[in-house]
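Read the structure below first, then the notes.
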Amino acid sequence: MNLEWAFNKSVALFGRYGFGNISNRSNAISAALPSYTVSGNASLSPQTWSAGFAFPDLFKEGAMAAIAVGQPFIESNVGNATQTNVELFYRFPISDNISITPDLQLIFNPNNNSGNSTITVGTLRTVFSF
């Protein structure tokens, strides 16, 4: 499910939700997910969500800043925590055909494991439009 709503020309809200069912035929889940905590043929019913705000034309026409938070795999039978992702970015147009986007992502409890250290990912993306 997806929801997007622009409050006005400067602020927008977005949210997403999803769910699924994964059958554990032949214990395939245990082989793929070492942090799976249930033995036998029990299935998984993971959920996912994310939400955030976007700020179009922030400081410059064509620019956009955004912040988002989400949990990509919510399932109590996998790991001892729930992974949470936070992302911040700012897309800055250099010209009509080139934009640069610095992006920062923080991943807490990676792989649904509270023993895993927070992962920090920094990216600088350049887009050329033709």
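List of remarks:
- Every condition in (1) closer than 29 Å to A12 by Cα; (2) out of contact with any Phe, Trp or Tyr (no Cβ under 6 Å at 6 or more places or on another chain) is met by A42 except one, and the failing one is (1).
- First in region 1-13 and farther than 18 Å from G70 by Cα, second anywhere and aromatic (F, W, Y) and in a strand (DSSP E or B), Cβ under 7 Å, 6 or more apart: S10/F55; V11/F53; V11/F55
- The C-beta contact set for region 94-108 (first residue free of Cβ contacts under 8 Å to residues at least 12 places away in the same chain, second residue part of a strand (DSSP E or B), distance under 9 angstrom, 6+ apart or interchain) comprises I94/I100; I94/T126.
- Criterion violated by P72 - all others in (1) outside any strand (DSSP E or B); (2) closer than 25 Å to Q47 by Cα satisfied: (1)
- Residue list for region 98-114, filter: surrounded by 15 or more Cβ atoms within 10 Å (Cβ to Cβ) and among the hydroxyl-bearing types (S, T, Y): S99, T101
- Lone qualifier among S117, S95 - being in a loop (DSSP other than H, G, I, E, B), under 18 Å from the mean Cα position of the chain (by Cα) and surrounded by fewer than 11 Cβ atoms within 10 Å (Cβ to Cβ): S117
Let's see how each residue does on (1) over 30 Å from S10 (Cβ atoms); (2) at pLDDT 95 or above; (3) touching a Cys at 6+ places or on another chain (Cβ under 8 Å):
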residue: A32; (1), (2), (3): yes, no, no
residue: I67; (1), (2), (3): no, yes, no
residue: I98; (1), (2), (3): no, yes, no
residue: L104; (1), (2), (3): no, yes, no
residue: T118; (1), (2), (3): yes, yes, no
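- Subset of region 56-84 that is under 19 Å from I94 (Cβ atoms) and among the hydrophobic types (A, V, I, L, M, F, W, C) - its residue that is surrounded by the fewest Cβ atoms within 10 Å (Cβ to Cβ): F59
The values are calculated or read from the model by the stated rules, or taken from the named source; none is laboratory data. Being a predicted model, the structure only gives us computed values, none of them experimental. Quick reminder, even Gly has a Cβ in these numbers, built from the backbone with ideal geometry, and neighbours come from all protein chains shown.
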